[in-house]
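Below is one structure; the comments refer to it alone.
The values are calculated or read from the model by the stated rules, or taken from the named source; none is laboratory data. Remember, predicted model here, so these are calculated numbers, not experimental data. Note that each Cβ is placed from the backbone with ideal geometry, even for glycine, and that neighbours are counted across all protein chains shown. Ligands, DNA and RNA are stripped out before the accessible areas are found, and what is left, the full protein with its side chains, is counted by its heavy atoms. Shrake-Rupley method; radii C 1.70, N 1.55, O 1.52, S 1.80 Å.
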Amino acid sequence: MKSTADLRIALVKLGGSVVTDKTSLRSFSRTHTARLVSELRRFLEGDDRRRAVIVHGGGSFGHIVARRYRIAEGFRDQRQLRGFSVVRRDMRMLNAMIVETMMSGKLPAISMPPESIFRIDMGRIVHTDAEPLRYAVSAGLIPVSFGDAVMDAGRTFSILSGDTIMEFLSRELKPEVTVFCTDVDGVFTSNPKHGSNVELIDELSSSESVSTDNDSRFDVTGGMSRKLEALFVSSSFSGRTVVVNGLRPGRLRDALLGKKVICTRIV
Ligand code: ADP
């Protein structure tokens, strides 16, 4: 078994907007997911030191119910318990479908819910134990974690986003490459879905000004503004950090391989 220091780790976020249809409750995007899995497999097959860790978002399996029951605000009344239970169940259903799709694509995926790695207090990660994840990666398994409804020391429960998990896993794993797949070509000067006068930012540094009007109908975890924070932290621990459109064939593969691709690179 290789130590993680000898390995070339790719940390990949499959955004909720890629693996689900965000506008329709519990709709899994199997076709996109299967294609992304085959792009990942081709990358992994190119070098036996390559390893991957996957994090996925909730999309329409997480945000719609979490928002209705205000799970991210913590425990307020008994009526939320049903919502918490539903989000936990639905996220496990989505995770199981993603793991299954990876296994069908001949990748040894294993589910790793965030509570097996992180302790949360007041919506923040206060303790990380990534040892089991490291053992799995060294052995060649592909851990698949996800944004989830989690127990929270101060608030009883809260929501931990996939982007926050990416931030903390990049700290732990120091990946060679970190890729965030979402449903637009990268980070734009402002939300590309809400205006025409927007430009894709090829190289994004923290001094750049980016407007991020998130669609709160579909997002309980801060959308692009939370993602930007995660991107900058990730980039300080990763060899390369890139945002690509996961709906466009080949972009994930090219980003993983370091090829020229339409994307935003974090510098
Ligand atoms: P995911 O669920 O795939 O992780 P999010 O929905 O959280 O992704 O974030 C992606 C969305 O952020 C895009 O669909 C886009 O509408 C929105 N967005 C807001 N501001 C920006 C921006 N400046 N650049 C790119 N996308 C933005």
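Please tell me if Leu7 is in contact with a strand residue (DSSP E or B) (Cβ under 6 Å, 6 or more places away or on another chain), open to solvent by 10 Å² or more (accessible area, probe 1.4 Å) and at pLDDT below 95.
Values: in contact with a strand residue (DSSP E or B) (Cβ under 6 Å, 6 or more places away or on another chain): yes; open to solvent by 10 Å² or more (accessible area, probe 1.4 Å): yes; at pLDDT below 95: yes.
Against the criterion (in contact with a strand residue (DSSP E or B) (Cβ under 6 Å, 6 or more places away or on another chain), open to solvent by 10 Å² or more (accessible area, probe 1.4 Å) and at pLDDT below 95), Leu7 qualifies.
Go through (1) part of a loop (DSSP other than H, G, I, E, B); (2) under 15 Å from Val19 (Cβ atoms) one by one and return the number of the condition Asp48 breaks.
With respect to (1) part of a loop (DSSP other than H, G, I, E, B); (2) under 15 Å from Val19 (Cβ atoms), Asp48 is out only on (2).
Counting only residues that are crowded, with 22+ Cβ neighbours inside 10 Å, within 16 Å of the ligand (Cβ to nearest atom) and of a type in the set (D, E, K, R), which one in region 10-53 is nearest to Leu257 (Cα to Cα)?
Lys13
Determine whether region 222-232 contains at least one residue that is open to solvent by 40 Å² or more (accessible area, probe 1.4 Å), more than 7 Å from the ligand (Cβ to nearest atom), at pLDDT 95 or above and closer than 24 Å to Ser29 by Cα.
The answer is no; no qualifying residue exists.
Among the residues of region 70-95, which ones are more than 14 Å from Val150 (Cα to Cα) and not basic (Lys, Arg)?
Correct list: Asp77, Gln78, Met93, Leu94, Asn95.
Residue check, Phe75 against (1) touching an Asp or Glu at 6+ places or on another chain (Cβ under 9 Å); (2) surrounded by fewer than 20 Cβ atoms within 10 Å (Cβ to Cβ); (3) not in a loop (DSSP other than H, G, I, E, B), all met but one. Which one?
Every listed condition holds for Phe75 apart from (3).
Please work out which one of (1) closer than 24 Å to Ala255 by Cβ; (2) in a helix (DSSP H, G or I); (3) more than 10 Å from the ligand (Cβ to nearest atom) is the condition Pro132 fails and give its number.
Among (1) closer than 24 Å to Ala255 by Cβ; (2) in a helix (DSSP H, G or I); (3) more than 10 Å from the ligand (Cβ to nearest atom), Pro132 violates only (1).
Would you tally the residues in region 1-39 being closer than 14 Å to Leu247 by Cα, in contact with a helix residue (DSSP H, G or I) (Cβ under 7 Å, 6 or more places away or on another chain) and not in a strand (DSSP E or B)? Break it down stepwise before answering.
Within region 1-39, the subset closer than 14 Å to Leu247 by Cα is 13-22, 28-39.
With the extra rule that they be in contact with a helix residue (DSSP H, G or I) (Cβ under 7 Å, 6 or more places away or on another chain), the set shrinks to 13-14, 16-22, 28-30, 32-34, 36-37, 39.
In the following step, the residues that additionally are not in a strand (DSSP E or B) were identified as 16-19, 21-22, 29-30, 32-34, 36-37, 39.
Residues that pass the stated criteria total 14.
Please determine, by comparing only the residues of region 184-209 that are under 30 Å from Ile117 (Cβ atoms) and within 13 Å of the ligand (Cβ to nearest atom), which one is surrounded by the most Cβ atoms within 10 Å (Cβ to Cβ). It would help to see each step written out before you state the result.
Initially, region 184-209 is screened for residues under 30 Å from Ile117 (Cβ atoms), giving 184, 186-187, 204-206.
Imposing the further condition that a residue be within 13 Å of the ligand (Cβ to nearest atom) reduces the set to 184, 186-187, 204.
Numbers: Val184: 20, Gly186: 22, Val187: 25, Leu204: 21.
Result: Val187.
Working only within region 153-183, note down all residues that are open to solvent by 10 Å² or more (accessible area, probe 1.4 Å), closer than 25 Å to Ala66 by Cβ and over 15 Å from the mean Cα position of the chain (by Cα).
Ala153, Gly154, Arg155, Thr156
Please go through region 126-152 and give me each residue that is open to solvent by 50 Å² or more (accessible area, probe 1.4 Å) and touching a Lys or Arg at 6+ places or on another chain (Cβ under 8 Å), ordered by number.
Val126, His127
Quick check on Phe168: is it away from the ligand (no atom under 14 Å from the Cβ), within 23 Å of Ile54 (Cβ to Cβ), aromatic (Phe, Trp, Tyr) and touching a residue at least 12 places away in the same chain (Cβ under 8 Å)? If you could, list the steps in order and put the result at the bottom.
Values: away from the ligand (no atom under 14 Å from the Cβ): yes; within 23 Å of Ile54 (Cβ to Cβ): yes; aromatic (Phe, Trp, Tyr): yes; touching a residue at least 12 places away in the same chain (Cβ under 8 Å): yes.
Taking the combined requirement at face value, the residue satisfies it.
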